[in-house]
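Q: There's a structure below that I have some questions on.
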Amino acid sequence: MKRLLLIALLTQAVLTVNTQTSTAQERKEYLLSKGWAFTRGEQTDAANPAFDDKKWETVTIPHDWAITGPFDGNNDVQKVKIEQNGEKNATVKSGRTGGLPFIGIGWYRLKFSAPQFAAGKKASLIFDGAMSNAKVYINGKEVGMWPYGYNSFHFDVTNFLKPGADNILAVRLENKPESSRWYPGAGLYRNVHLVVTNDAHIPVWGTYVTTPVIEKDFARVQVQTQISASSFKPLKLVTSITDPQGKTVAEGSSALAATDLNTFSQSIAVKNPQLWSPETPVLYTATSKVYDGSKLVDEYTTKFGIRTIKFEAGNGFFLNGKARKFKGVCNHHDLGPLGAAINKAALRRQLTILKDMGCDAIRTSHNMPAPELVELCDEMGFMMMVESFDEWKTPKVKNGYSQYFDQWAEKDIVNMVHRDRNHPSVIMWSIGNEVPDQGAKNGQKIAKFLQDICHREDPSRPVTVGMDRIDAALTNNFAAVMDIAGFNYKPARYEEANLKLPQGFILGTETASTVSSRGVYKFPVEFFKEKMYDDNQSSSYDFEACPWSQVPDDEFVKQDDIKFVIGEFVWTGFDYLGEPTPYDTKWPSHSSYFGIIDLAGLPKDRFYLYRAKWNTEKPTLHVLPHWTFPGREGQITPVFCYTSYPSAELFVNGKSMGKQEKSKTNNQTRYRLMWKDVVYQPGNIKVVAYDANGKVAAEQTIKTAGKPHHIELIADRSTLDADGKDLSYITAKVCDANGNLCPDATNLLSFKVTGAGTYKVVANGDATNVQPFHQPQMNAFSGMLVATVQSAEKPGKIEFTASAKGLKSGVIALNSK
Ligand code: GAL
């Protein structure tokens, strides 16, 4: 099974279940977003329809009840020994889960009507994710529960709804202390949908589209369509396939026989298929129309892509027949200052930034993603490793998933696979991350059990797991069982592991874990493990890592030199709330330092190290540090350059410091150019990059900044959709009179938004900052911060102003249509 799976040419397609486009009378989807009542704490009788919730807060879903804080080091304080980090003694970790008040009970109530629902109709309630331990009630009756906060789940609520009347939906959630290693968020943080259909209908996640045969001039699209109906009917299914331009390119029609067990199997040929890849994210749409006689009873759309994947011993990974390596990042699910509350515009912005870096893959560490992320990866071109768990039977945290594993693991994997198995972006499933069961007796049996479920539900994709206990995993068959052996932080052992394992290729499921703070430079510039400074920051010279982790260059070497290493997923693309290593015990640190991009979404220097290597379309030239170090006059202040060009020359106040060339033999100077002996004097530094022919290709100059003078504003998008959800991210820079960034500025900036939008949140990327994200003011960090403006539902002009005492304000105009 495994071998077959690995050598098979595989392809995928998609259903987006949340077809908000579904306007057909046969199927109606309601997004249950507005007008919810919410309160914290246990409530007696809140499921009762007669309960009075007038005093509760009114909220819109998606909603994260904890993100507004306040931050407090006593929230979910965990006295633990983190074994996977090699800790020998338990210590008090204050910001491990972000220092936000997510623990406890929360209740949501919604009065809704579903005019389409009538006798004989069917209704399903879908939660994209609810954090956590959801118990769902309709009209006072318990509908069901789902413990795992990251998974999507759904219930048939036909027998709970009242036709033609108001219904009361109540949801009780509960987050336990010591249940997570990072900030999980709290509440109905993803969308909730109600879908009303006829009796005979395609159920939730009811299509499965694969493309088992892809030739140059045609692809065979295999569509399996489930039918749910209270009794057998000889229904007819017409599936039409449209290309990205909306042109119908193929159609299949079939009748349901009693022996089909309510599943249509259709094989439809698409001529001259356009293949999906990160560079060509081409999506097709399958429209399934179900007929009872001549009457249309259901219509359902499934987006999919046509592409092949292959993993080959010795040669690695192939997409559409071309070898490539995953240039991936791991991300947690939070959206920085927005918390866990999902927002498509925020996700799109993250992916836009990652795309510019040349990143082509995302690992949804360590849990199921929001459906919107998977849709965006399809559309924008990212390959995905969709991951399920951070622990199995053996706990990492006292109240974690291990409590549910025996009863829920299979159900959780099934939902993960069913929801996302049509998406071309999803290349592999991951059944876990650094699970301590790697070393436990029978750990390999659990791995096989979970992998088999993935294969059963989706034979078209391989399965991986992120392993850290390499010695155990190599000797007890744990690593050998997996389709893809994935190692976390083990570049030094890839060759050895490959010799011991049967697969013939290895994936860096988690790599680097370098720590840095944007714009902060520490001296002397040396390689350090677990280095701490009094200000709780890490140096942006990118030489600092953890005892178990590495600087990016160490992984690059192995990725470049070993053919059977199929790529890496860097820990992490974006900084996230919680896990403030190396300052886990040093409040007020409460968000990570691992990100290539900070919590505000601003690239750190490291961004350009990756970009120089990964973005093969556009050149990169980036010089660090800044050049404003009052008091460092006469002291050694190294200058680094991250560039896609082979060599560059540094000039300090016009004087050449010599040319540096990327080394072919020395791994330390293979990916970065370094002038380590530069003596600081105010003025300017300039790097001039030379191409392979030695010709000047580009240059960059950084000047010593004067006093803060004005605020410069840059919006990532100046035209928004007037849908009440769209976001513009406005970067504010404190500049001197000549427009140079003041790299140490910490001015307190205040914001005002007028017109067709509202102020949403702000972040400055400082992992120690406990100023609340939702207040319209914050101090700049390393001279910058990012404020977010949300569109209203009415179109119009929006004006955003940032002001600070003693500085000229910044004003920027946006348009919402
Ligand atoms: C890994 C773990 C991640 C994160 C990371 C920090 O061991 O899988 O979740 O904790 O370390 O370096």
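The values are calculated or read from the model by the stated rules, or taken from the named source; none is laboratory data. Here the structure is a predicted model, which means the values were calculated and not measured. Note: ideal-geometry Cβ built from the backbone for every residue, glycine included; neighbour counts use all protein chains shown. Just so you know, the surface numbers come from the protein's heavy atoms only, side chains and all, with ligands and any DNA or RNA stripped out. Shrake-Rupley method; radii C 1.70, N 1.55, O 1.52, S 1.80 Å.
Q: Just to be sure before I move on: is Gly149 part of a loop (DSSP other than H, G, I, E, B), within 16 Å of the ligand (Cβ to nearest atom) and open to solvent by less than 10 Å² (accessible area, probe 1.4 Å) in the structure I sent?
A: No, not satisfied.
Q: What about Ser288, is it open to solvent by less than 10 Å² (accessible area, probe 1.4 Å), over 30 Å from Gln503 (Cα atoms) and away from the ligand (no atom under 16 Å from the Cβ)?
A: Taking the combined requirement at face value, the residue satisfies it.
Q: Restricting to region 566-619, name every residue that is among the β-branched types (Val, Ile, Thr), assigned to a strand (DSSP E or B) and within 15 Å of the ligand (Cβ to nearest atom).
A: Across region 566-619, the qualifying residue is only Val570.
Q: Kindly establish whether Val238 is open to solvent by 40 Å² or more (accessible area, probe 1.4 Å), farther than 20 Å from Asn415 by Cβ, of a type in the set (Val, Ile, Thr) and more than 16 Å from the ligand (Cβ to nearest atom).
A: no
Q: Another one. Answer yes or no as to whether Ser663 is out of contact with any His (no Cβ under 8 Å at 6 or more places or on another chain), small (Gly, Ala, Ser), in contact (Cβ under 8 Å) with a residue 24 or more places away in the chain and open to solvent by less than 40 Å² (accessible area, probe 1.4 Å).
A: no
Q: Select, from Ser540, Ser549, the only residue that is away from the ligand (no atom under 13 Å from the Cβ) and open to solvent by less than 40 Å² (accessible area, probe 1.4 Å).
A: None of the others qualify; the one that does is Ser540.
Q: Are any residues in region 193-216 open to solvent by less than 30 Å² (accessible area, probe 1.4 Å) and within 29 Å of the chain's Cα centre (by Cα), and if so, which ones?
A: The answer is His193, Leu194, Val195, Pro203, Val204, Trp205, Gly206, Thr207, Tyr208, Val209, Thr210, Thr211.
Q: Would you mind stating whether Gly783 is surrounded by fewer than 24 Cβ atoms within 10 Å (Cβ to Cβ), small (Gly, Ala, Ser), over 22 Å from the mean Cα position of the chain (by Cα) and modelled with pLDDT of 95 or more?
A: no
Q: Let me ask another. If I filter region 77-95 down to residues being away from the ligand (no atom under 16 Å from the Cβ) and in a loop (DSSP other than H, G, I, E, B), which single residue comes out as most open to solvent (accessible area, probe 1.4 Å)?
A: Top of the filtered list is Lys88.
Q: A further question on this structure: Only residues in region 169-194 that are in a strand (DSSP E or B) count as the first member; pair them with residues that are at pLDDT below 95, Cβ under 7 angstrom, at least 6 apart or cross-chain, and list the lot.
A: Pairs that qualify, where the first residue is in a strand (DSSP E or B) and the partner is at pLDDT below 95, are His193/Asn18; Leu194/Ala114.
Q: Listed residues Asp554, Asp561; which is within 16 Å of the ligand (Cβ to nearest atom), surrounded by fewer than 22 Cβ atoms within 10 Å (Cβ to Cβ) and of a type in the set (Asp, Glu)?
A: Of the residues listed, the single one that is within 16 Å of the ligand (Cβ to nearest atom), surrounded by fewer than 22 Cβ atoms within 10 Å (Cβ to Cβ) and of a type in the set (Asp, Glu) is Asp554.
Q: So, in region 217-232, exactly how many residues are in contact (Cβ under 8 Å) with a residue 24 or more places away in the chain and open to solvent by 60 Å² or more (accessible area, probe 1.4 Å)?
A: Counting residues in region 217-232 that are in contact (Cβ under 8 Å) with a residue 24 or more places away in the chain and open to solvent by 60 Å² or more (accessible area, probe 1.4 Å) gives 7.
Q: Against the condition within 15 Å of the ligand (Cβ to nearest atom) and either closer than 29 Å to Gln444 by Cα or open to solvent by 20 Å² or more (accessible area, probe 1.4 Å) (or both), how does Trp429 come out, does it pass?
A: no
Q: What do you reckon, is Arg181 open to solvent by less than 60 Å² (accessible area, probe 1.4 Å) and within 16 Å of the ligand (Cβ to nearest atom)?
A: So Arg181 passes the test.
Q: Scanning region 468-523 for residues that are within 14 Å of Lys558 (Cβ to Cβ), within 12 Å of the ligand (Cβ to nearest atom) and assigned to a loop (DSSP other than H, G, I, E, B), which turns out least open to solvent (accessible area, probe 1.4 Å)?
A: Tyr489
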